[in-house]
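Here's the structure, in structure tokens; my notes come after.
The values are calculated or read from the model by the stated rules, or taken from the named source; none is laboratory data. Remember, it's a predicted structure, so these values are computed and weren't measured experimentally. All Cβ positions, glycine included, derive from the backbone under ideal geometry; neighbour counts span all protein chains shown.
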Amino acid sequence: MTLVLSRRRLLSTAVAGGCAALFPAIPRSALAASSSGDAARLTVDRRTLEVNGKAASVFGIRQPDGTHGLTLDPGRRFLVDLANRAGEDTVIHWHGQTPPYVQDGVIDRNRPAIRSGESVRYDFVARTGTHWMHSHHGMQEQLLMAAPLVVRSEEDRRADEQEVIILLHDFTFRDPAEILASLGGSSGGMAHGGHGTAPAQGAMNHGAMNHGAMAHGAMDHGAMGQGSGHDMTGMSGGMVMDLNDVDYDAYLANDRTLADPEVVRVERGGRVRLRVINGATSTAFHLDLGRLTGQVIAADGNPVHPVAGSRFAISMGQRLDIRLTLPGEGGAFPILALREGAVQRTGLILATAGATVEKVAQTGEAQTDPLDLSLERQLVAVTPLATRAADLTRRMQLTGSMVPYVWSLDGLTFGEHRPLLVRHGQRVELTFESASMMAHPMHLHGHHFQVVAIDGRPVAGAVRDTVLVPMMGNVTVAFDADNPGRWPLHCHNLLHMATGMMTEVVYEGFV
Ligand SMILES: [Cu+2]
């Protein structure tokens, strides 16, 4: 494994102890290389953002020229010096990248937080595609500590198309910890950076059975009434589906609302590639192309055979690349993200020269449907996993409830979790079974998996790193254990992860 971390970090890590085996051979030259000038520079700091006419203090991850996040040209390594000027500890996860374990951007007993004022170097082979970067510490992601991370391929460079990145967020003026507290949740181990720290016992409910979906009916929700604003959709048989836990103050596309949206200049008849990233912490969207038709060409940065449409589901943590061609006569074309099960929306406008850009309301007329897997079922990987029988299969129940507000896996919250133990070289098949009344986007670090079955029916689905498991649905993914380490596996609803909906995939030798 090549290194990576700054001299100061290396020393402090070594002193921390217990991890020497993970850093078997740190070449001196790697230390010297940290003065090299061709590394990209990213700084995490505070910034002021105006949302609906009101100023808010949020975080940013920017290059010296102010660019949010990073776009790498084909063939470039992920060589980044990350400076923490946030005024507090942090760590940035390179979501979608598959770096060596120590560079993943997660805090655990082997990987300390980045202290305020500290700089850390990352150096690994970049993985092509539309990805993103975000804090994996506390609730910082809710305060917009997130940015795009795009790695272009040679094919991208040759393509005659304009690239437009759309980073979606849900935004609140409130303190995220206060939102979690108002839901009755406890951030437990998260606030302490995780591993080995047991969540507050009082907030936990151990038995998965207690959270069983059938027992989790309208009665439970009727008792809620605490103004948390979560939306529910009535289902047959007295079951109630939960869609949104939190009503946010705004929904953002590239930091802006539809009151003052970004207007991207495009060419008449031109080809556009949208790189859409759902960076919202707790909100799933339908991406809506309006009058245009597009083709999904990649999911979570991995090419898929084109799927045409004008509305596509994108859950938290996921990315979609969508190719579209603008009409020859030009015009203004809103690209909207419609909040699931609600009327709120955000987005930006593609406009050709001279086109009249009309205002788009921040709310639509009709409540949208819940996200489903109709798009997922159509996705077919361009480069699937090699055909091979699984060496290891595991079923994992997605558990938890609104009352108490605790989310878990197999009824266990993070800290008391049972890691999934794997051996280097194994093919692993993992079935997520939803046993709760909410959908959960499940994300595995350090790997991309292929969706191989939906509700028990085999598919040759997308290769991706985050898959939506709908209420009472089940999804099977397969991956090759080819990146040794301890890798978080969690729900990408930040509020769910914060209360405990996380476990780890742990390789032999890393227990
Ligand atoms: Cu969840």
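Against the definition (farther than 25 Å from Asp247 by Cβ and either assigned to a strand (DSSP E or B) or of a type in the set (A, V, I, L, M) (or both)), how does Val307 come out, yes or no? Answer is yes for this residue. May I ask you to verify whether His443 is within 16 Å of the ligand (Cβ to nearest atom) and either part of a strand (DSSP E or B) or of a type in the set (Val, Ile, Thr) (or both)? So His443 fits the description; yes.
Conditions (1) surrounded by fewer than 23 Cβ atoms within 10 Å (Cβ to Cβ); (2) in contact with a helix residue (DSSP H, G or I) (Cβ under 8 Å, 6 or more places away or on another chain); (3) of a type in the set (Val, Ile, Thr); (4) modelled with pLDDT of 95 or more, marked per residue:
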position	(1), (2), (3), (4)
His136	no, no, no, yes
Glu141	no, yes, no, yes
Met145	no, no, no, yes
Ser153	yes, no, no, yes
Asp156	yes, no, no, yes
Ala159	yes, no, no, no
Val164	yes, no, yes, yes
Phe173	yes, no, no, yes
Ser182	yes, no, no, no
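Give the range 467-476 a look and list any residue that's buried (at least 24 other Cβ atoms within 10 Å of the Cβ) and either within 16 Å of the ligand (Cβ to nearest atom) or over 30 Å from Tyr405 (Cβ atoms) (or both), or say none.
Here is the first cut: in the range 467-476, the residues buried (at least 24 other Cβ atoms within 10 Å of the Cβ) are 467-469, 475-476.
Once the filter is applied, which keeps residues that are buried (at least 24 other Cβ atoms within 10 Å of the Cβ) and either within 16 Å of the ligand (Cβ to nearest atom) or over 30 Å from Tyr405 (Cβ atoms) (or both), the range 467-476 yields Val467, Leu468, Val469, Val475.
Screening Ala284 with (1) at pLDDT 95 or above; (2) out of contact with any Pro (no Cβ under 9 Å at 6 or more places or on another chain) gives one miss only, at (2).
In summary, strands (runs of 3 or more DSSP E) completely within the range 27-87 and bearing 3 or more residues that are among the small types (Gly, Ala, Ser) and at pLDDT 95 or above occur at 54-62. Counting only residues that are assigned to a strand (DSSP E or B) and within 15 Å of the ligand (Cβ to nearest atom), the range 381-408 holds 9 of them. Within the range 279-304, how many residues turn out to be assigned to a loop (DSSP other than H, G, I, E, B), touching a His at 6+ places or on another chain (Cβ under 8 Å) and closer than 19 Å to Glu161 by Cα? Selection size over the range 279-304: 1. For the range 410-433, the count of residues that are within 15 Å of Leu495 (Cβ to Cβ), within 11 Å of the ligand (Cβ to nearest atom) and not assigned by TED's automatic domain parsing to the domain that holds Phe285 is zero. Here the condition is being assigned by TED's automatic domain parsing to the domain that holds Leu243, surrounded by fewer than 24 Cβ atoms within 10 Å (Cβ to Cβ), in a loop (DSSP other than H, G, I, E, B) and at pLDDT below 95; of Glu365, Glu358, it holds for Glu365 alone.
Restricting the first member to the range 487-499 and to residues that are over 17 Å from Phe432 (Cα atoms) and modelled with pLDDT of 95 or more, and the second to residues that are assigned to a loop (DSSP other than H, G, I, E, B) and within 8 Å of the ligand (Cβ to nearest atom), no beta-carbon pair is closer than 6 Å while six or more apart or on different chains. Of all positions in the range 446-464, none carries a residue that is buried (at least 24 other Cβ atoms within 10 Å of the Cβ), within 16 Å of the ligand (Cβ to nearest atom) and of a type outside the set (Lys, Arg).
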